[in-house]
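Trainee: If you scroll down you'll find the structure; I have some questions about it.
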Amino acid sequence: MSYLKFKKAWDRIPASQVTSESTYSSRRHFLQTLGSTGLGLSMLSGCAEGVDGAPADSAGPAPSNGPYGQVPPFWTQQWEDLFPAARNPRFQTDRGVTAETLATGYNNFHEFTTTKQRVKDLVKEFDTDPWKVEIRGEVEKKGTYDLDDLIRMGQLEERLYHLRCVEAWSANIPWTGYPLSQFIEKLNLGSDVKYVRFLTLLRPAQMPGQRGLSAYNWPYYEALSIEEAMNELTLLTFGIYGHPLNKQSGAPIRIVVPWKYGFKSIKSIVLIEFTKHRPRTFWSDASKEYGFWANAHPRFDHPRWSQASEIFLNTKERLPTQRYNGYQDFVGHLYPEDDRRYFY
Ligand code: MTE
């Protein structure tokens, strides 16, 4: 374990020095031309076409900072050698990539507001550096980890995942991270660990939702079983659309658990704790309408709406919900067949 160490010269990079979103696809095209990613041509062009329709015909010098400019400049500079990561072709989605303007302009991040379109504006004052993550609980290597060390502890890759919110909207998003299992394997867990708990930052001064939405039990907390945390799909995530996470997307570190409803994919994590007993979770404490497992399933409806279909953000069309959000082959073995308790 180690403590935070920062390169002061990078502390604040003017937005003007950070390349615009349109270079995301062009930079990938450049890498493809060089043959440096080792990925197939169809995958790269499929990705490039989906991103805001930007032309993929010239090389960009630096990672993009997204259409809304809410990528923390500190991390963009600190991780310039890491982004964009190569796409892993095992993780594909139907219907291409959701435009970044949609995926980072329509967010659930209740610490700021419940109005999804406003999150991107309200995150401006949110400081994400310095940032550290505490590892606690039934584990040998407890302590406070430097985020820069943490990102370099696994093999970064880009994965295209289908995100399905419990509210029945969905998107196809390219995340950058590495399997959480790669980190957990280095920690020497106690033999009786059964769950992993995650906590988001508590900072009401910069998070207006933590001041205004006083009925909620802040900070946001989530948990997975250890088998779920070790599943190869569970991604410890540092980036989106080929650059470090936008603030509205959960900068600088979140998890993405694609077979579950989106509320399990907790953002802006400051604590990871290993426990013997099942931890409480933010939404199931807030309402009986939400459970611990929250695996997506078309037949088990939310008490107030159907889960049989979802609205795909790209086209606004209604698509049928897929069992485990389409990831049955990866995770079906973890749960008893069609037991309702696992699907809300
Ligand atoms: N994490 C925190 N800390 N706070 C939140 O409000 N919302 C969750 C999840 N993670 C949330 C969170 C919900 S309900 C969803 S659907 C996803 O984030 C949305 O992720 P996105 O905004 O990147 O699409």
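Trainee: Relative contact order for region 170-313 using alpha-carbon pairs under 8 Å, separation at least 6, rounded to a whole percent?
Mentor: After rounding, I find 29 percent.
Trainee: What's the local net charge at Gly177, with K and R +1, D and E -1, over the other residues with C-beta under 9 Å away?
Mentor: Net of charged neighbours comes to 0.
Trainee: What FRET efficiency do you get for Glu289 and Asp149 if R0 is 35 Å and r is their Cβ-Cβ distance, rounded to the nearest 0.05? Don't jump to the answer; show the numbers that get you there.
Mentor: Details: r = 39 Å, r/R0 = 1.11.
According to the calculation, E is roughly 0.35.
Trainee: Ranked highest first by the average count of other Cβ atoms within 10 Å around their residues, in what order do 156-168, 213-225 fall?
Mentor: Peptide ranking by packing, descending: 156-168, 213-225.
Trainee: Another question, if that's okay. Could you sort Met153, Met207 by their accessible area in this structure, using a 1.4 Å probe and putting the largest first?
Mentor: Met153, Met207
Trainee: Calculate the length of the line joining the C-alpha centroid of region 276-319 to that of region 141-215, in whole Å.
Mentor: 19 Å
Trainee: Taking 35 Å as R0, compute the FRET efficiency from the Cβ-Cβ separation of Lys276 and Lys316 and round it to 0.05.
Mentor: Approximately 0.20, to the nearest 0.05.
Trainee: Additional query: Could you give the length gained by full extension between Thr101 and Glu227, i.e. 0.36 nm per residue of separation minus their alpha carbon distance, to one decimal place?
Mentor: Numbers: separation 126, 0.36 × 126 = 45.36 nm, distance 3.41 nm.
Fully extending the segment from Thr101 to Glu227 adds 41.9 nm.
Trainee: Please arrange Tyr241, Tyr68 by accessible surface area, largest first, computed with a 1.4 Å probe and ligands excluded.
Mentor: Tyr68, Tyr241
Trainee: By how many nm would the segment from Asp121 to Lys141 lengthen if fully extended, with 0.36 nm per residue of separation less the alpha-carbon distance?
Mentor: On the way: separation 20, 0.36 × 20 = 7.20 nm, distance 3.78 nm.
Roughly 3.4 nm would be gained on extension.
Trainee: Still on this model: Could you tell me the relative contact order of region 107-259? Use alpha-carbon pairs under 8 Å, at least six residues apart, and round to a whole percent.
Mentor: RCO, region 107-259: 27 percent.
Trainee: So which aspartates and glutamates pass the test for Lys124, namely a Cα distance under 15 Å, with those fewer than 8 places away in the same chain ruled out?
Mentor: Glu111
Trainee: Once you wrap a convex hull around the alpha carbon atoms of region 71-215, what is its projected area averaged over all directions, in nm²?
Mentor: 10.8 nm²
Trainee: What does the highest-first list of 197-204, 276-283 look like by mean Cβ count within 10 Å? Walk me through the numbers on the way to the answer.
Mentor: Values: 197-204: 19.4, 276-283: 15.6.
So the peptides 197-204, 276-283, ranked by packing, come out 197-204, 276-283.
Trainee: In this model, which of Lys116/Lys288; Lys120/Lys247; Lys142/Lys276; Lys247/Lys267; Lys267/Lys288 are farther than 18 Å apart at the alpha-carbon?
Mentor: Lys116/Lys288; Lys267/Lys288
Trainee: Here's another thing I want to ask about it. Can you sort Ser181, Ser284 by 1.4 Å-probe accessible area, starting with the largest? Present the calculation step by step, with values, prior to reporting the outcome.
Mentor: Numbers: Ser181 15, Ser284 40 Å².
Reading off the accessible areas and sorting them downward yields Ser284, Ser181.
The values are calculated or read from the model by the stated rules, or taken from the named source; none is laboratory data. Source: prediction; values computed, not measured. Note that each Cβ is placed from the backbone with ideal geometry, even for glycine, and that neighbours are counted across all protein chains shown. Note: accessible area is taken over every heavy atom of the protein model, side chains too, but ligands, DNA and RNA are not part of it. Shrake-Rupley method; radii C 1.70, N 1.55, O 1.52, S 1.80 Å.
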